[in-house]
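The values are calculated or read from the model by the stated rules, or taken from the named source; none is laboratory data. Just so it is clear, the model here is predicted, and its values are computed rather than measured. Ideal geometry is used to build each Cβ from the backbone, glycine not excepted, and the neighbour counts take in all protein chains shown. To get the accessible areas, we keep the full protein, side chains included, count just its heavy atoms, and leave off ligands, DNA and RNA. Shrake-Rupley method; radii C 1.70, N 1.55, O 1.52, S 1.80 Å.
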Amino acid sequence: MTHDPFLSQLSEGLKSQGVDAATVVVDLDRLDANIEAIQRHADPALNWRLVAKSLPCFPLLQYVQRALPINSYMTFSEPMMAALLSADVEADHLVGRPFLVSAARRILSDFIADAPRIQWLVDSETRVAEYSALAQEFGVRLRLSFEVDVGLHRGGFDPASVHEAMEQARSLPGLEVSGVMCYEAHLPKLPSVLKARASAACDSRITRASSFVRDGCVNAGGSLTFDRYRAGGDVNDISFGSILVQPTDFMSKNRDDFKPALFIATPVLKVMHKNPIPGLEFLPDRWSKTFDLAIQGGYYKARPVFPPQATYSKIFGRSSNQEVWSCPSGWDVVAGDIALLHPSQSEAVLSQFGTVTTVREGQIVDVWPCLPG
């Protein structure tokens with residue numbers, strides 16, 4: 001039976017170094033290769049912005065920043081913004097989802113001097129007015145970025161009417177219009193028959209929204225769309241994050257030069273050969289071609305990738321305690337071996353474990369703390 005030498009080396013290396021609890025792993029060699037792929041795909045004339053929630057670990061963000069010309073974040077939560085404002089005293093922050101004004105107030109209470117490097121996201125005229133009141137409360141000017149619906153239909157201003165909200169902001173005390181955010185995550189998910197039409201409509205909406213911005217930030221892109229944009233167009237600011245570690249939700253046939261660099265590693269607790277179905281022990285042995293194993297933990301946002309061809313058990317179902325996998329016979333698996341999963345996303349998975357174990361050639365390099373969620 002065949003196997004992936006990379007996964008085999010990773011599993012064996014983690015076991016030999018005493019890993020005995022579930023952990024999230026980032027392979028630095030693959031991360032380096034993905035960073036090089038970003039350099040090939042992204043236009044260096046645009047401003048590059050790291051999506052902090054997708055790589056919620058400050059040493060990981062620093063690692064990427066040492067290789068790429070990035071000094072900007074897209075930030076999604078109050079605790080993460082507070083941690084990053086403290087840790088990185090220069091970076092610009094574009095808020096990736098609207099903060100309730102109460103959360104923004106707490107940030108300003110602790111980081112009032114940092115107000116000039118935060119672009120607060122607004123999605124309604126009501127929120128614009130709330131931020132004006134907040135600016136007057138603290139005696140500062142607040143930069144507002146306007147969320148524009150360019151086809152995803154997850155909220156935000158219509159591009160034809162966003163200028164009215166911008167004029168409202170320009171007329172209110174304490175506010176300045178910093179730009180627009182035009183997220184188009186729907187495009188790569190659409191079937192081919194719809195994609196060209198939707199892409200053209202998206203670009204038209206971005207053009208309309210950006211026409212109301214006066215030399216500000218026109219942000220678009222994500223890990224599967226950042227390379228749609230080039231200097232000289234409407235967009236001058238692109239965001240990406242997950243593609244650097246490539247969870248399964250960010251795999252694409254157009255991204256062959258990016259490799260999965262993020263895995264969950266967890267010990268095998270039990271190996272159960274010829275495991276009968278509960279309540280049906282009297283039936284003849286049906287499992288000559290498979291065996292069961294139980295891992296530590298489970299119900300992860302991930303799919304099994306090692307041992308090869310392992311799948312979630314259809315008999316036992318999902319479990320967050322000791323999840324059972326079904327494996328084809330022929331693999332020599334014993335308790336204490338390290339099973340591997342490929343996560344579907346990075347943001348929730350890294351935050352779930354609290355630390356990131358970094359490796360090269362299967363050998364542990366360091367353990368990095370994650371940012372608060």
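Before moving on, here are some points about what is shown:
- Restricting attention to the stretch 49-59, the residues that are touching a helix residue (DSSP H, G or I) at 6+ places or on another chain (Cβ under 8 Å) and open to solvent by 10 Å² or more (accessible area, probe 1.4 Å) add up to 3.
- Check on A33, part of a loop (DSSP other than H, G, I, E, B), open to solvent by 10 Å² or more (accessible area, probe 1.4 Å), small (G, A, S) and closer than 25 Å to H342 by Cα: no
- For the stretch 157-176, a residue qualifies if it is open to solvent by 30 Å² or more (accessible area, probe 1.4 Å) and either outside any loop (DSSP other than H, G, I, E, B) or not hydroxyl-bearing (S, T, Y) (or both), and the qualifying residues are D158, A160, H163, E164, E167, Q168, R170, S171, L172, P173, E176.
- Criterion violated by D92 - all others in (1) surrounded by fewer than 16 Cβ atoms within 10 Å (Cβ to Cβ); (2) at pLDDT 95 or above; (3) charged (D, E, K, R) satisfied: (1)
- Hey, D332 surrounded by fewer than 18 Cβ atoms within 10 Å (Cβ to Cβ), free of Cβ contacts under 8 Å to residues at least 12 places away in the same chain and of a type in the set (D, E) or not: yes
- Taken together, S351, S344, S326, S320 contain a single residue that is open to solvent by 20 Å² or more (accessible area, probe 1.4 Å) and touching a helix residue (DSSP H, G or I) at 6+ places or on another chain (Cβ under 6 Å), which is S344.
- Annotation: of all residues in the stretch 28-54 being polar (S, T, N, Q) and over 18 Å from the mean Cα position of the chain (by Cα), the one that is farthest from S77 (Cα to Cα) is Q39.
- Flag for D227 being modelled with pLDDT of 95 or more, surrounded by 21 or more Cβ atoms within 10 Å (Cβ to Cβ), under 27 Å from the mean Cα position of the chain (by Cα) and among the acidic types (D, E): no
- In the stretch 237-258, the residues that are part of a helix (DSSP H, G or I) and open to solvent by less than 10 Å² (accessible area, probe 1.4 Å) form Cβ pairs under 8 Å with partners that are among the β-branched types (V, I, T) and at pLDDT 95 or above, at six or more places apart or across chains, as follows: S242/V51; I243/I38; L244/I35; L244/I38; L244/V64.
- Some residue of the stretch 44-55 being in contact with a Pro (Cβ under 8 Å, 6 or more places away or on another chain), of a type outside the set (V, I, T), closer than 22 Å to P260 by Cα and touching a residue at least 60 places away in the same chain (Cβ under 8 Å): yes
- Test result for C182, at pLDDT 95 or above, of a type in the set (A, V, I, L, M, F, W, C) and within 18 Å of S124 (Cα to Cα): yes
- Scan of the stretch 179-196 for residues that are closer than 25 Å to N236 by Cβ, among the small types (G, A, S) and open to solvent by 10 Å² or more (accessible area, probe 1.4 Å), ordered by number: A185, A196
- Evaluation of T75 against (1) in contact (Cβ under 8 Å) with a residue 24 or more places away in the chain; (2) touching a Leu at 6+ places or on another chain (Cβ under 8 Å) (one fails), failing number: (1)
- Residue match in the stretch 119-137 (condition: assigned to a strand (DSSP E or B), touching a strand residue (DSSP E or B) at 6+ places or on another chain (Cβ under 9 Å), over 18 Å from A82 (Cα atoms) and open to solvent by less than 70 Å² (accessible area, probe 1.4 Å)): yes
- Boolean, D110 is assigned to a helix (DSSP H, G or I), among the acidic types (D, E), touching a residue at least 12 places away in the same chain (Cβ under 8 Å) and under 20 Å from G216 (Cα atoms): no
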